[in-house]
Every structure is written in C-alpha cells, then in structure tokens.
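Have a look at the structure below before the remarks.
Readers should treat all values here as calculations from the given coordinates under stated rules, not as data from a laboratory. Values in this document were obtained by computation on a predicted structure and should not be read as measured data. Glycine also receives a Cβ, built like all others from the backbone with ideal geometry; neighbour counts cover every protein chain displayed.
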Amino acid sequence: MIIYKILRAQEWQEAKEKGRFEGAPVDLKDGYIHFSAADQLRGTAAKHFAGEEGLMLLGIETEELGEALKWEPSRGGALFPHLYAPLPLSAVKSAEPLPWNGETHLFPPLEGETA
C-alpha cells in the first residue's frame, strides 16, 4: 500500500543528503512522521499547506516501514498513518513536485484513491 507525505522541497533535499527523512518540524514536535492515505491527502494539503508553494509529494510503500508504522485516530476520528522512526529513503517510491495554481494544489494520479 502507498501512503503519502507532503513536505517542503528543502526538507526533501536535506533528507536525500542524509539518506533518511527524520521529519518536518511538526513531526519532530509530535514525535512521529505524519502521513496521509490517498483519500486523506487533499484534506491534509488544504488544512496544513494552503497557498504554499515549493512542496514535494512523496509516495511511500508501507510494507517497507514495518512495525514502526501505526494507524491512529486523528481528524474526525479517521485513522492516519504515523511513523515512529526515521523514514528510510528506500521506502520512497515516488517524489514529485506538488504545484500550487493559485487556488489549489495540483495532484498527480494517486495509488489507492477512490473517485
């Protein structure tokens, strides 16, 4: 299964240099890395990244995260994926820019998204 992480391009660049992603400031504060399933992603972008440019969208293979990945209640009781460990770059299956068109972010087709 693929889950997704929205992050700033600079954060992605730093992760590539380190060989792992330890988390954005909110992740470090909360003690885990926040992810979204495909059907949660647009809501996450609207709530936490509205109007922000220079973002990246990572697609992560959950099978490579092991027991450090937990699905926990969050927004409205929905279960969101949280990783209690650094993200190994080997689990990143895609990394694409997430452009802002002045009104919304423009998402590529997402694995696991329902119409």
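Are any residues in region 90-115 hydrophobic (A, V, I, L, M, F, W, C) and farther than 23 Å from residue 53 by Cα, and if so, which ones?
Step one: of region 90-115, the residues hydrophobic (A, V, I, L, M, F, W, C) are 91-92, 95, 98, 100, 106-107, 110, 115.
Answer for region 90-115, where residues must be hydrophobic (A, V, I, L, M, F, W, C) and farther than 23 Å from residue 53 by Cα: 91, 115.
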Quiz item: Is there any pair linking a residue in region 45-69 that is farther than 16 Å from residue 2 by Cβ to one that is assigned to a helix (DSSP H, G or I) and polar (S, T, N, Q), with Cβ under 8 Å and at least six apart or on different chains, and which?
Solution: 54/10
Quiz item: Has region 29-44 got at least one residue that is touching a residue at least 60 places away in the same chain (Cβ under 8 Å), among the basic types (Lys, Arg) and surrounded by 13 or more Cβ atoms within 10 Å (Cβ to Cβ)?
Solution: yes
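Taking region 84-106 only, how many residues are part of a loop (DSSP other than H, G, I, E, B) and either under 24 Å from residue 72 (Cβ atoms) or under 13 Å from the mean Cα position of the chain (by Cα) (or both)?
Kept after step one, since they are part of a loop (DSSP other than H, G, I, E, B), are these residues of region 84-106: 84-86, 99, 101-104, 106.
With the extra rule that they be either under 24 Å from residue 72 (Cβ atoms) or under 13 Å from the mean Cα position of the chain (by Cα) (or both), the set shrinks to 84-86.
Number of matching residues: 3.
If we keep just the residues of region 54-94 that are of a type in the set (D, E, K, R) and over 18 Å from residue 26 (Cα atoms), which is surrounded by the most Cβ atoms within 10 Å (Cβ to Cβ)? Give the steps one after another, and end with the answer.
First, pick out the residues of region 54-94 that are of a type in the set (D, E, K, R): 61, 63-64, 67, 70, 72, 75, 93.
Now restrict to residues that are over 18 Å from residue 26 (Cα atoms): 61, 63-64, 67, 93.
Details: 61: 15, 63: 10, 64: 13, 67: 7, 93: 12.
Taking the candidates together, the pick is 61.
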Quiz item: Somewhere in region 107-115, is a residue surrounded by 19 or more Cβ atoms within 10 Å (Cβ to Cβ) and either in contact with a strand residue (DSSP E or B) (Cβ under 7 Å, 6 or more places away or on another chain) or closer than 12 Å to residue 6 by Cβ (or both)?
Solution: no
Practice problem: For residue 78, work out the one condition from (1) in contact (Cβ under 8 Å) with a residue 12 or more places away in the chain; (2) at positive phi; (3) of a type outside the set (Val, Ile, Thr) it doesn't fulfil. | Solution: (2)
